[in-house]
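**Q** This is the structure I want to talk about, given as structure tokens.
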Amino acid sequence: MNIMLLDDHELFSLSLEYLLKDAISTYQYFSKEEALFKELAEMLPDILLLDINLKVGTGLDVGKRVLEKYPDLKITFLSGYDLEEYQYQAHKMGARGFIRKDLGPSELLPTLKAICEGKMFFPELKLSSYRLTHREIEVLELSSQGKTHKAIADELFVHSRTVANHCTEIRFKLGVNSMPHAIRRAIELGILSTN
């Protein structure tokens, strides 16, 4: 695993490096976002860790900018606080996880490996914040079967525009920008089965 970290607390960053050094391939630490973006232009990590509270701005702002340029990058936020609003914003923008800084060493590495493998980690987030309606789940299931908007509309006896509106709402609730991403996110969240 290749890990990059943006955090302006040197002690924490060095401690994390020490903790992970025998279990990962590379670890790069940045205290300024300019240096981070310069490195990202050269090489993308498996996981980018971002501290929520930075001296200048927030990790959430940085995360949005990173995902605009690198939408498939696995971003995970770090925080000393588990405020659900932080997790909500992180999840909505397309981050892969939210880790409290007091997570035990024995839990940290398996969590990072799981995120690297495509799983999501939002332990305090109530998924009801992203609850889809019954009709939205129907549309999502039919989309996952490869059906077009018109085919879904015919099956549900609604207008194609109605299906398009449902798809827009689904993408918004799941914090993604395409239906294939929505389907993947729904599987990860347990909304859709893999069968």
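The values are calculated or read from the model by the stated rules, or taken from the named source; none is laboratory data. Because the structure is a prediction, the values reported are computed rather than measured. Note that we place each Cβ from the backbone using ideal geometry, even for glycine, and neighbour counts take in every protein chain shown. Just so you know, the surface numbers come from the protein's heavy atoms only, side chains and all, with ligands and any DNA or RNA stripped out. Shrake-Rupley method; radii C 1.70, N 1.55, O 1.52, S 1.80 Å.
**Q** Modelled with pLDDT under 95 and open to solvent by less than 60 Å² (accessible area, probe 1.4 Å): is that true of Leu49 in this structure?
**A** no
**Q** Would you confirm, using the coordinates I've provided, whether Leu112 is touching a residue at least 60 places away in the same chain (Cβ under 8 Å), within 26 Å of Leu11 (Cα to Cα) and within 14 Å of the chain's Cα centre (by Cα)?
**A** In short, yes.
**Q** All but one of (1) open to solvent by 70 Å² or more (accessible area, probe 1.4 Å); (2) assigned to a loop (DSSP other than H, G, I, E, B); (3) closer than 21 Å to Ile3 by Cα hold for Lys147; which doesn't?
**A** (3)
**Q** So which residues in region 22-42 are assigned to a loop (DSSP other than H, G, I, E, B) and either under 23 Å from Met120 (Cα atoms) or among the polar types (S, T, N, Q) (or both)?
**A** Ala23, Ile24, Ser25, Ser31
**Q** For Lys119, indicate whether it is closer than 22 Å to Leu50 by Cβ, modelled with pLDDT under 90 and either assigned to a helix (DSSP H, G or I) or open to solvent by 50 Å² or more (accessible area, probe 1.4 Å) (or both).
**A** Yes.
**Q** Here is a follow-up. What pairs come up if the first residue lies in region 51-67 and is assigned to a loop (DSSP other than H, G, I, E, B), the second is hydrophobic (A, V, I, L, M, F, W, C), and their beta carbons are under 8 Å apart, counting only those six or more places apart or on different chains?
**A** Between residues of region 51-67 that are assigned to a loop (DSSP other than H, G, I, E, B) and residues that are hydrophobic (A, V, I, L, M, F, W, C), the close pairs are Ile52/Leu60; Ile52/Phe77; Ile52/Leu78; Leu54/Leu6; Leu54/Val62.
**Q** Another question, if that's okay. Going by the conditions given, is Ser13 open to solvent by 70 Å² or more (accessible area, probe 1.4 Å), polar (S, T, N, Q) and at negative phi?
**A** Criteria not met by Ser13.
Listed here are the residues, each with its yes/no results for (1) open to solvent by 20 Å² or more (accessible area, probe 1.4 Å); (2) more than 22 Å from His181 (Cβ to Cβ); (3) out of contact with any Cys (no Cβ under 9 Å at 6 or more places or on another chain); (4) of a type in the set (A, V, I, L, M).
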{"site": "Val56", "(1), (2), (3), (4)": "yes, yes, yes, yes"}
{"site": "Asp61", "(1), (2), (3), (4)": "yes, no, yes, no"}
{"site": "Val66", "(1), (2), (3), (4)": "no, no, yes, yes"}
{"site": "Phe77", "(1), (2), (3), (4)": "no, no, yes, no"}
{"site": "Glu85", "(1), (2), (3), (4)": "yes, yes, yes, no"}
{"site": "Met93", "(1), (2), (3), (4)": "yes, no, yes, yes"}
{"site": "Leu109", "(1), (2), (3), (4)": "yes, yes, yes, yes"}
{"site": "Leu112", "(1), (2), (3), (4)": "no, no, yes, yes"}
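**Q** Looking at (1) open to solvent by less than 70 Å² (accessible area, probe 1.4 Å); (2) over 15 Å from the mean Cα position of the chain (by Cα), which one does Asp102 not meet, given that it meets all the others?
**A** It is condition (1) that Asp102 fails.
**Q** Now for a different question. Given (1) more than 20 Å from the chain's Cα centre (by Cα); (2) among the polar types (S, T, N, Q); (3) open to solvent by 20 Å² or more (accessible area, probe 1.4 Å), where does Gln89 come up short, assuming only one miss?
**A** Here Gln89 meets the rest and fails (1).
**Q** Still on this model: For region 151-177, name all the residues that are free of Cβ contacts under 8 Å to residues at least 12 places away in the same chain and open to solvent by 30 Å² or more (accessible area, probe 1.4 Å).
**A** Answer for region 151-177, where residues must be free of Cβ contacts under 8 Å to residues at least 12 places away in the same chain and open to solvent by 30 Å² or more (accessible area, probe 1.4 Å): Ala151, Asp154, Phe157, Val158, His159, Ser160, Arg161, Thr162, Asn165, Thr168, Arg171, Phe172.
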